[in-house]
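Peer 1: Sharing a structure with you now.
The values are calculated or read from the model by the stated rules, or taken from the named source; none is laboratory data. As the structure is a computational prediction, the values presented were derived from the model and not from experiment. Cβ sites come from the backbone with ideal geometry, for glycine too, and all protein chains shown count toward neighbours.
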Amino acid sequence: MTTSTRDDAPTTSRDRRARSRRTLIVSSSVLAIASLLSLFVGVVNVAPWSIFEADTDAYRALVIARIPRLIALLLAGSSLAVAGVIMQQVTRNRFVSPTTAGTVESAVLGIVLATMWFPANSLLVRMLVAIATSLLGTFVFIRILRRIRIVDIIVVPLLGLMFAAVVSAITVFLAYRYDLLQLVDTWTTGSFSRVLRGRYEPLYAVLIGGVVAYVFAARFTVVGMGENFAVNLGINYHFVLNLGLVIASVNTAVVVVVVGAIPFLGLIVPNVISMWAGDNLQRTLPLTALAGAGFVLVCDVLGRVVRRPYEIPTGTIAGIVGAVVFIALILRARTDRT
Amino acid sequence: MSTTATVGRPAGPVVDSIRRVRRWPISVRLGIMASIAVGVALTYQFALVTGAWDYAMSLRFRQLVALATVGAGTGVATVMFQTVTHNRILTPGVMGFDALFRLVQTMFVWFFGSAILVDLDVRVRFLVNAGVMTIFGLLLYRWILRRTTRDLFVLVLIGIVLGTLFGSLTLFASRLLSPDDYLTVQDLVFTSFNTIDPQLLTITAIVTVLAIGAAVPLFRQLDVVTLGRDNAITLGLDYRRVVDRTLIIVTVLVATSTALVGPMTLIGLIVANLARQLLPTFRHSVLATGSALIGVIVTIGGQFLAARIFDFTTTLTVCVNFVGGVYFIWLLMREAKL
Amino acid sequence: MIRTEHLTKSYGPTRVLDDVSISLLEGKLTAIVGANGAGKSTLLSIISRLLDADAGTAHVDELDLATAKSEEVARRLAVLRQDTHMTSRLSVRELVSFGRFPHSGGRLTAEDDRIIAQSLDFFELGDLGDRHLDQLSGGQRQRAFVALALAQDTPYVLLDEPLNNLDMRHSVRMMRHLRGLVEQLNKSVVIVIHDLNFAAAHADHIVALKDGRIIEEGRPVDVMTAPILEKIYELPIDIHVIDGIPYAIYFR
């Protein structure tokens, strides 16, 4: 898991660029088709031509629920995957991700705080507070990570686990007092069933982070090669590092506020893409975003289908699918090596 | 290595007191731990009584027995588990053992329906649950340990992932239940600590005592396991048998404590590591005793804080997770190796 | 006597041991040599019960290693592995006292204490008994682990690269100690070793492995000849006899 693919070394960079462009085109077409099909999965039967029949139930289901839901899915999936890959790149550690560095837990703490302080709050207020706390949480985590004296890669996911436990202990402590425990559950298990027209639009904010990430992609790659290397190339190491963490925290907070947390996404998707296509972010960032969107789409559709007419939250499905995929990956990577 | 690394660092008051404690003979340290445990228990039983004396006494006594069972069982189980996995970070909680218990309970309702379960005697229910969990847990963890026993890195990752997986599966299974069954599971899983069922308490206390009794003859063999698998085998130890027996005992102990107070992921981690810090020896007779005593102190003390000082505005789990997380992060920042 | 018959072991398609039949002499110091990947460590692991062979048998005296009680074997055969990494903090004396486990099951008797003290003295570790392993130098550590094997008080001792991490001075002393085990305590010692010249200078018997087969065995003077060594290592090697001991010169 810790090494990128080396087997593609003999091919020229032009070959590779052509190959990755092909992959990109193929995978975005697959995602587009899957997205379209997903519009017709759900409790209310919707046929493709419903879009031309205004004022029918099917039309309303499509416009008020299905299409917003699809957009939210794609935005959340791609932005969490991008948040994960940036965090891994700038901290130079494969196991740092929004769900393993306390970022999600900090965002949930922010939501609880916002609900306590401004009981009649709007989505926007919650989002701002959540962004603030998730930024704070992520930076505290990185500070602690820097001060750890054990130079061992397993310590990082573990530290993340502990840090997350501490932050959630504070959250639960507060939620318990103010009777908000049930709400905490909603935000910790991501679900798209609440997404309706007029209630998800702030999610578009992640597009800003996405664009900035793409512009800075090459710099994140260089920062991922180490401080010395980056400074040597004349890159403002600390600025790029902090920018990366800000993008990741903001995107995570926005997603958590609107739909809730989706486990494993920020951890697995970037690692799979990196194993398969390497670590050049300029090339892999779009792929990672597509794969993240695809992962969430699959999990959400599964959640809609498995127990119709009820829905199983996407976060729950993602926890199961993600865990199985992850364990399979680890075990296979090991047996290949020995 | 660790000694040379700590020489040049300014020692804080905590570090100083730990050093001072280390100069006392081990028997004295165990004696002090035992007296503190008794002191905490007496305080819990008699301090700050309001309302009917007799009622408070009998309720508090039941709670005390439950807490002591959980503390001692977790302490012993964690020390043993750490030895057979050859590290100080993995605990049954971190590896998802207690999440497994809830999963087994939920699956049980799913398969058999809540009607049968409600009629079932609470003791039979516990024994069936613990039995299923022991078989399932043993198979699963034996498989993982066999495959990855030399690769701590993989083991930790899989453990963390399994915790999430079991949590998600539990949620998934509970979504598949009918609303009635779901309520039953909630009742079963979240045992009310304020009205501990005397029958459940009796059976779990007996099982815990039996399991710890079964662990005692293993202690000397676990001392040898400290030397690593290869050395242990060449010294004539039946390594597989010792590991299997340890895993059975650990699973049973975790099942009993989870049945009584619900999952407390980090408690084992604090208790066992404190024991190893305060009692630097390889002898499991000493380590297990110390860990059990610290377990009793932490559970009773934590519940005293939560119930009497915070006046039930928080829970034991929250206290333990907060203190445990902070302690462990501090440990990671201080120690150069684990 | 330690005896193997037709031992075979494969990892996937690669056969690391191929029909190895060998008898290791009693009361002698035997050195197993060979290039990297020749199967030395695998052979030792099977004899140490750490690996199961695909085919063939291994015996220590009359005990079949595949079926005998592990504890009983441990009273006949002590093994030192290459990996002396330790997760917990132990003192030297505590480590060495584990050698008595096969005899006393962890409950030390006066007799055990005597043997532990003897083993410590034999390797000049008496003064270091209360030191922790992580406070020792590489050489002291290595000696402590050999003392552990000695405390097992077995007629047979197997050591996998006992000179690992040792400088010249400590290597010579270690080999003298092993020689002492054979001559003073009449034990049978088997070592896996990379340095041919140490084998030639101290061993009674050399066994050479190549590609999982035994291709040569005999006294050092018989094995340490230019043609045989070239066959083992695929490298031209000169032999210079000094004081009756053949030394291999292969540095250029």
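Peer 1: Please specify each residue of the stretch A:151-179 satisfying the condition of being crowded, with 19+ Cβ neighbours inside 10 Å and not in a helix (DSSP H, G or I).
Peer 2: A:Ile154
Peer 1: Could you please tell me which pairs satisfy a Cβ distance under 8 Å, a separation of 6+ or placement on different chains, a first residue in the stretch C:32-56 that is hydroxyl-bearing (Ser, Thr, Tyr), and a second residue that is in a loop (DSSP other than H, G, I, E, B)?
Peer 2: C:Ser41/C:Gln82; C:Thr42/C:Leu51; C:Thr42/C:Gly212; C:Ser45/C:Leu51; C:Ser48/C:Arg81
Peer 1: Here's another thing I want to ask about it. When you scan the stretch B:262-338 for helices (runs of 4 or more DSSP H) that lie fully inside it, which ones turn up with 2 or more residues that are polar (S, T, N, Q), at pLDDT below 85 and farther than 26 Å from C:Glu94 by Cα?
Peer 2: Result: B:316-334.
Peer 1: Might you let me know whether the stretch C:184-197 holds any residue that is assigned by TED's automatic domain parsing to the domain that holds C:Ala31, under 14 Å from the mean Cα position of the chain (by Cα) and acidic (Asp, Glu)?
Peer 2: For the stretch C:184-197, residues assigned by TED's automatic domain parsing to the domain that holds C:Ala31, under 14 Å from the mean Cα position of the chain (by Cα) and acidic (Asp, Glu): present.
Peer 1: If only one of C:Gln184, C:Gln140 is surrounded by fewer than 20 Cβ atoms within 10 Å (Cβ to Cβ), touching a helix residue (DSSP H, G or I) at 6+ places or on another chain (Cβ under 8 Å), at negative phi and among the polar types (S, T, N, Q), which one is it?
Peer 2: C:Gln140
Peer 1: A follow-up question, please. Restricting attention to the stretch A:178-214, which residues are touching a residue at least 40 places away in the same chain (Cβ under 8 Å) and among the small types (Gly, Ala, Ser)?
Peer 2: Within the stretch A:178-214, A:Gly190, A:Ser191, A:Ser193, A:Ala205, A:Gly209, A:Gly210, A:Ala213 meet the criteria.
Peer 1: Among the residues of the stretch A:304-333, write down those that are in a helix (DSSP H, G or I) and without any contact (Cβ under 8 Å) to a residue 12 or more places away in the chain.
Peer 2: Residues satisfying the conditions are A:Ile320, A:Val324, A:Ile327, A:Ala328, A:Leu331, A:Arg332.
Peer 1: Pick out the one residue from B:Arg229, B:Arg241, B:Arg220 that is within 30 Å of C:Ser70 (Cα to Cα) and at pLDDT below 85.
Peer 2: Result: B:Arg229 is the single residue among B:Arg229, B:Arg241, B:Arg220 that is within 30 Å of C:Ser70 (Cα to Cα) and at pLDDT below 85.
Peer 1: Further, regarding this structure: Condition first: within 14 Å of chain A (Cβ to nearest Cβ) and crowded, with 22+ Cβ neighbours inside 10 Å. Now tell me which residues in the stretch B:277-305 satisfy that.
Peer 2: B:Gly302
Peer 1: Among the residues that make up the stretch A:233-256, is at least one of them of a type in the set (Val, Ile, Thr) and not in a helix (DSSP H, G or I)?
Peer 2: Yes, some residue in the stretch A:233-256 is of a type in the set (Val, Ile, Thr) and not in a helix (DSSP H, G or I).
Peer 1: Hey, any hits in the stretch A:182-192 for a residue that's at the interface with chain B (Cβ under 10 Å from one of its Cβ atoms) and part of a loop (DSSP other than H, G, I, E, B)?
Peer 2: yes
Peer 1: Also, quick follow-up: Take residues that are within 15 Å of B:Ala292 (Cβ to Cβ) and under 20 Å from the mean Cα position of the chain (by Cα) and tell me which of the helices (runs of 4 or more DSSP H) falling wholly in the stretch B:192-253 contain 1 or more.
Peer 2: B:198-215, B:219-225
Peer 1: Quick check on my filter: what residues within the stretch C:51-76 are surrounded by 21 or more Cβ atoms within 10 Å (Cβ to Cβ), of a type outside the set (Val, Ile, Thr) and facing another protein chain (nearest Cβ under 10 Å)?
Peer 2: Within the stretch C:51-76, C:Ala74 is the sole residue that qualifies.
Peer 1: When only residues in the stretch C:29-50 that are in contact with a Leu (Cβ under 9 Å, 6 or more places away or on another chain) and within 14 Å of another protein chain (Cβ to nearest Cβ) count, which is surrounded by the fewest Cβ atoms within 10 Å (Cβ to Cβ)?
Peer 2: Restricting to residues being in contact with a Leu (Cβ under 9 Å, 6 or more places away or on another chain) and within 14 Å of another protein chain (Cβ to nearest Cβ), the top hit is C:Leu50.
Peer 1: Being closer than 30 Å to A:Ile64 by Cβ and among the acidic types (Asp, Glu) is the requirement here; does A:Asp185 meet it?
Peer 2: yes
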